[in-house]
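> My structure is below; once you've seen it, I'll send some questions.
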């Protein structure tokens with residue numbers, strides 16, 4: 001039996017086409033808003049995956065880069081009038097440099113200790129954001145003028161659309177970079193580090209260099225997304241962006257979909273972000289949100305630690321193999 | 001920035017040492033668990049806060065003294081810890097890598113549930129001696145902190161005696177040094193793991209009770225406490241209880257000093273600062289083994 005197999009490129013083109021026309025399918029502000037947030041979640045989860053998935057270093061510190069990107073964009077927008085849609089891309093380079101420096105210290109540790117250090121990194125930045133109130137306006141956070149271009153604010157009905165497209169472009173770029181890394185020698189090196197760091201080093205991989213670079217790259221897209229986020233909400237406050245929960249959502253999405261796979265983090269984001277918005281809409285408070293997210297993370301870690309995509313692939317493989325075996329044993 | 005007078009300096013030192021003792025108790029369970037199981041129990045902060053809330057409920061509803069309530073909460077926490085290890089942590093594959101996320105998820109669930117039950121209002125337990133203080137040569141010794149320090153030292157001493165002089169303690173230490181060899185010597189290491197985890201969680205019951213009379217707390221304070229205790233055990237050397245004791249005293253004093261010299265708001269940064277410095281200069285901490293383990 002030959003089944004018509006749809007090539008991956010057709011799938012991707014089809015999904016992309018849906019995302020491109022999405023703002024014209026629905027004119028509900030709420031649905032457009034959720035899609036912008038989902039795209040953003042997919043960006044951060046995919047970006048996290050470069051260090052957390054390929055390299056196997058579970059960073060809970062990526063909220064730091066998200067928040068830094070957000071603060072830099074908000075601050076330069078307010079002081080120099082730099083437009084976030086442009087400045088976010090450049091300011092994120094600064095964040096990536098900072099991430100490399102932080103990684104240089106943090107990546108000396110492994111396993112649990114690494115997680116702890118990255119958590120500490122987020123706490124430090126939160127303290128700085130709370131206390132350097134001359135720059136950050138402390139706990140009250142930074143506000144920005146209403147989104148627009150050239151001094152003209154966008155009309156409230158269309159305001160989500162520019163954000164939809166810039167997030168979409170950023171997501172495509174993130175996935176492209178993630179895909180290229182996976183194909184490259186660099187990516188092979190990262191996976192080798194995940195599998196056995198000692199052996200990777202002994203075959204001549206400069207593991208420290210690789211890890212720091214992966215950490216830097218994975219911080220870049222998160223920082224750009226943070227910058228655009230701060231403009232989207234025209235507000236950024238330290239306890240959210242520099243909160244561990246922001247890091248955890250990225251990790252949860254990547255793990256749920258399948259860490260170390262190209263599409264897993266995207267899948268995870270498209271499941272968790274709408275769910276998250278639904279919970280907030282339905283139950284309001286953050287406490288139920290926290291419980292559900294923690295609960296899902298717990299269940300995934302206990303019962304499906306590889307995530308949806310690898311589990312599904314394994315299941316399908318086994319089924320085709322079984323079918324083949326039964327076909328071989330009963331020749332027609 | 002203000003330079004404190006000599007009197008203020010000594011007073012701060014006293015408060016720092018007293019609070020450091022409580023920190024040592026809080027961190028001891030965490031470092032004990034790491035030593036035996038190579039698991040960092042990120043839910044430790046949440047257990048401290050859970051302990052504080054149970055103490056709060058017992059005090060508000062049944063007028064049970066927060067110190068006395070430790071006798072009730074320790075057995076409860078011991079059982080919880082035992083069950084968690086037997087039925088959850090022991091099932092995960094590759095615990096060194098994934099246990100952090102599992103216990104982290106547990107912490108989030110606990111924080112969320114505590115928030116649903118108790119709301120996010122800051123609470124504290126206020127027995128009659130809350131604001132009482134002993135004076136000694138013009139220096140103030142707040143009663144709650146003195147009691148906290150005393151109880152903490154007592155429990156750490158008890159922990160030390162268990163580890164040093166009982167068969168169980170010997171088995172735990174053997175498992176810490178070399179789990180495989182311990183198993184070959186006939187030690188039931190999975191039982192030891194469950195016992196150690198239960199013991200570690202039980203110390204959080206006592207830590208939580210002390211926390212509740214010294215500090216105010218709400219469910220989200222768990223992240224502050226896990227950050228503090230983690231910094232302490234990294235500085236002390238993961239797995240080393242004496243290391244944790246020294247590190248807790250150092251950080252307790254440094255925190256109080258920062259609060260006086262700079263402001264209260266900056267004092268938590270002491271912990272993270274020390275954490276990073278430790279990792280750069282001496283990754284194995286003051287007394288521990290090297291954190292960086294080659295695969």
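Where a number appears in this text, it was derived from the coordinates with a stated rule and is not lab data. Since the model is a prediction, treat every value here as computed from it, not as a measurement. No Cβ is skipped: glycine too gets one built from the backbone with ideal geometry, and neighbour counts run over all protein chains shown.
> Run the helix sum for chain B: -39,500 (n - 2.57) per DSSP H stretch of 4+ residues, divided by residue count, reported at 222 nm to the nearest 500 deg cm²/dmol.
-24000 deg cm²/dmol
> Rounding to the nearest 10 and keeping the result within 0 to 90°, find how far the Cα-based axis of helix A:62-80 lies from the longest principal axis of chain A.
Once rounded, one gets 30 degrees.
> Still on this structure: Cut-off is 10 Å between beta-carbons; in what order do B:7, B:44, A:164 appear when sorted fewest neighbours first?
B:7, A:164, B:44
> Rank B:208, B:169, B:29 by mean-square fluctuation in a GNM of chain B with C-alpha springs under 10 angstrom and give only the top-ranked residue.
B:169
> Return one number: the angle in degrees, 0 to 90 and rounded to the nearest 10, between the long axis of the Cα atoms of helix A:111-131 and the longest principal axis of the Cα atoms of chain A.
Around 20 degrees separate the two axes.
> Would you mind putting A:243-252, B:232-241, A:147-156 in packing order, based on average other-beta-carbon counts within 10 Å, highest first?
The most tightly packed comes first, giving B:232-241, A:243-252, A:147-156.
> Defining a contact as two alpha carbons under 8 Å apart and six or more residues distant in sequence, what relative contact order in percent does chain A show?
Once divided by the residue count of chain A, the mean separation gives 32 percent.
> Taking a quarter of the surface of the Cα convex hull of the protein assembly as shown, what do you get in nm²?
If I average the Cα hull's projected area over directions, I get 33.6 nm².
> For chain A, which semi-axes, largest first and in whole Å, follow from the square roots of 5 times the eigenvalues of its Cα gyration tensor?
Over the Cα atoms of chain A, the ellipsoid semi-axes are 34, 26, 19 Å.
> Identify which of B:135, B:191, B:26 has the largest mean-square fluctuation in a Gaussian network model of chain B, with springs joining Cα atoms closer than 10 Å.
B:135
> From the Cα gyration tensor of segment B:106-231, with a ≥ b ≥ c the square roots of its eigenvalues, which class applies: rounded if a/c is under 1.5, or else prolate if a/b is larger than b/c, or else oblate? Write out the running numbers ahead of the final one.
On the way: a/c = 3.31, a/b = 1.52, b/c = 2.18.
It comes out oblate by the Cα gyration axes.
> Further question on the same structure: So for segment A:1-142, averaging the separation of alpha carbon pairs under 8 Å that are six or more residues apart and normalising by length, what relative contact order in percent results?
Values: 76 pairs, mean separation 32.4, N = 142.
For segment A:1-142, the relative contact order is 23 percent.
> Hey, another quick one. Do the sum for chain A: with -39,500 (n - 2.57) for every DSSP H run of n ≥ 4, divided by all residues, what is the mean residue ellipticity at 222 nm, to the nearest 500 deg cm²/dmol?
Computed mean residue ellipticity for chain A: -25500 deg cm²/dmol.
> Continuing with the same structure: Let me confirm one metric for peptide A:102-108, namely the mean number of other chain beta-carbon atoms within 10 Å of its residues' beta-carbons.
Per residue, the number of nearby Cβ atoms from other chains is 2 on average.
> Here's something else I'd like to know. Is segment B:1-129 rounded, prolate or oblate when judged by the Cα gyration tensor, a ≥ b ≥ c being the square roots of its eigenvalues, rounded requiring a/c under 1.5 and prolate requiring a/b larger than b/c?
It comes out oblate by the Cα gyration axes.
> So what does log10 I(q)/I(0) come out to for chain B at q = 0.15 Å⁻¹, using the Debye formula with one equal point on every Cα and no solvent?
Here log10 of I(q) over I(0) equals -1.19.
> Rounding to the nearest 10 and keeping the result within 0 to 90°, find how far the Cα-based axis of helix B:189-214 lies from the longest principal axis of chain B.
For B:189-214 against chain B, the angle is about 10 degrees.
> Take residue A:185 and residue A:299, extend 7 Å from each Cα along the Cα→Cβ direction, and tell me the distance between the two endpoints in nm.
4.5 nm
> Between segment B:109-165 and segment A:189-208, how many Å separate their Cα centres?
47 Å
> Averaged across B:268-280, how many Cβ atoms of other chains sit within 10 Å of each residue's Cβ atom?
Average neighbour count from other chains, rounded to a whole number: 4.
> Mind jotting down the distance between the C-alpha centroids of segment A:107-138 and segment B:209-250, whole Å?
Cα centroid of segment B:209-250 versus Cα centroid of segment A:107-138: 17 Å apart.
> Can you sort B:111, B:96 so the residue with the fewest Cβ neighbours within 10 Å comes first?
B:96, B:111
> Using alpha carbon centroids, what distance separates segment A:250-318 and segment A:156-175, in Å?
When both Cα centres are located, 23 Å separates them.
> As an exercise, use a Förster radius of 41 Å and the Cβ-Cβ distance of residue B:9 and residue A:101 to find the FRET efficiency, rounded to the nearest 0.05.
Here the calculated transfer efficiency is 0.70.
> I've got another one for you. Give me a single rounded figure for A:123-131: the average over its residues of other chain Cβ atoms within 10 Å of their Cβ.
Average neighbour count from other chains, rounded to a whole number: 5.
> At a 10 Å Cβ-Cβ cut-off, how would you order A:209, A:37, B:88, fewest neighbours first? Working shown, then result.
Values: A:209 10, A:37 19, B:88 16.
Least crowded to most crowded, the residues run A:209, B:88, A:37.
> Then there is this: Suppose a student asked you for the relative contact order of chain B, using Cα pairs under 8 Å spaced at least 6 residues apart; what percent would you report?
Worked out over chain B, it gives 37 percent.
> Let me ask another. Under a GNM of chain A (C-alpha, springs under 10 Å), which listed residue has the highest mean-square fluctuation: A:229, A:80, A:57?
Checking each option, the largest mean-square fluctuation is seen for A:80.
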